[in-house]
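Here's the structure, in structure tokens; my notes come after.
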Amino acid sequence: MNWEDAQDIAEALHELHPDEDVLSLRFATLRRWVLELDGFEGAPEDSNEKILEEIQMAWYDLVS
């Protein structure tokens, strides 16, 4: 997985943190969790607010 794989990342995060309130999650925490995912190969410096928002919205769509 890489930063562009918002849907795959969202699914993996939802499996690990199913009870998390996605919309109140801080981007710093979201970024850290993404970087900690098994199989994630993206570079930390390649993330930005737009990418994190895409991941957050993909995750939100899974739970809403």
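Angle of helix 49-63 to the longest C-alpha principal axis of the chain, folded into 0 to 90 degrees and rounded to 10: 30°.
When only Cα pairs below 8 angstrom with a gap of at least 6 residues are kept, the chain shows a relative contact order of 56 percent. Rolling a 1.4 Å sphere over the protein heavy atoms, what is the accessible area per residue of the chain, to the nearest Å²? Ligands and nucleic acids excluded, the result is 64 Å² per residue. In a fully extended conformation the segment linking residue 41 and residue 63 would gain 5.4 nm over its present Cα-Cα distance, using 0.36 nm per residue.
Of the options (i) 4, 18, 30, 25, 14, 8, 2, 0; (ii) 3, 14, 10, 10, 10, 11, 11, 12, 13, 5, 0; (iii) 4, 19, 38, 26, 11, 1, 0, only one is P(r) over Cα pairs in 5 Å bins from 0, in percent as computed from these coordinates, and that is (iii).
Taking every DSSP helix (H) stretch of at least 4 residues in the chain, weighting each as -39,500 (n - 2.57) and dividing the sum by the residue count yields a mean residue ellipticity at 222 nm of -17500 deg cm²/dmol. Each Lys or Arg adds one and each Asp or Glu subtracts one; over the other residues with Cβ under 12 Å from the Cβ of residue 52, this totals 0.
The values are calculated or read from the model by the stated rules, or taken from the named source; none is laboratory data. On a predicted model such as this, the values are computed, not experimentally measured, just so you know. Quick reminder, even Gly has a Cβ in these numbers, built from the backbone with ideal geometry, and neighbours come from all protein chains shown. SASA here: full protein model, heavy atoms, side chains in, ligands and nucleic acids out. Shrake-Rupley method; radii C 1.70, N 1.55, O 1.52, S 1.80 Å.
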